[in-house]
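This report concerns only the one structure given below.
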Amino acid sequence: KTPVIATIASSVVSVVMACLFDLKALVDLMSIGTLLAYTLVAVCVLILRYQPDQNTSEHNASMERDEQITLKSLFFPNNENPLASTGRLVYFCAAVMCTLITVLCVVLALCSKPILNGCPGWIAVSVVLIVLIGVVTAVVWRQPESKVYLSFKVPLLPILPIISVFVNLYLMMQLDLATWARFGVWMLIGFLIYFLYGMWHSFDKTSNDEEPTLLSKGPSYT
């Protein structure tokens, strides 16, 4: 079904914003939102590829009991199929990697001239960040991937999603502070709408609330 009300509401908001704001400001705001969406997609692709299949989670439950993340298992895992522990490890690595890439992009955006002029301090900071990103990437690369058949899979994991995240975040850092301020305001408005209304009226929420009621109305064979 087509979300008619949401389409009309977003169109009205777009028209009002086009009348009130400068076109360049709107383009920059659209750009930062699009780049953030692409970044989230790349991170999700990176995480989901290393998660265990739900159909085989019960089979791996007995193996999971004794599976512990050690320094050796970071680079030499004991299983060929992803487990819940390796999936959580990839979650953690993705969070650390995004943080490191964000810091690196901030350094490259704000200190590009000193780096190009050969400032040893900022060059050392950049090199350390790149090395740390490489280590985290190696840890993710060594984890077992999901064997679930899909008609299309993103190639060159985890390199391609990481490059996508870096490029998107670097381009976001090139935008001015006014764009970031507008983006922060719209994100705050979106979070307020979600947590105050959307989360409590979502399809999943209503379906979970109605499920016990439907079960209670079932036939009784006592």
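The values are calculated or read from the model by the stated rules, or taken from the named source; none is laboratory data. Since we're looking at a predicted model, the values are computed, not measured. Using ideal geometry, Cβ is built from the backbone for each residue, glycine included, and neighbour counts are taken over all protein chains shown. Only protein heavy atoms, including side chains, enter the accessible area calculation; ligands, DNA and RNA are left aside. Shrake-Rupley method; radii C 1.70, N 1.55, O 1.52, S 1.80 Å.
Computed quantities for the displayed model
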| item | result |
| --- | --- |
| Shape call, the chain: gyration tensor on alpha carbons, a/c limit 1.5 | oblate |
| DSSP loop trypsin sites (Lys or Arg not before Pro) with at most 14 other Cβ within 10 Å: longest gap in the chain | 2-146 |
| Magnitude of the charge dipole, the chain, Cβ model with Lys/Arg +1 and Asp/Glu -1, debye to 20 | 420 debye |
| At least 18 Å along the helix axis (C-alpha) and Kyte average at least 0.5, DSSP helices within the chain | 4-20, 23-48, 84-110, 120-142, 159-173, 177-196 |
| With every protein chain in place, the chain: carbon and sulfur % of accessible area (1.4 Å) | 71 percent |
| Candidates 179, 70, 86: whichever shows maximal mean-square fluctuation once the chain is modelled as a Gaussian network with Cα springs under 10 Å | 70 |
| Heavy atoms of residue 119 accessible to a 1.4 Å probe, total area in Å² rounded to 10 | 50 Å² |
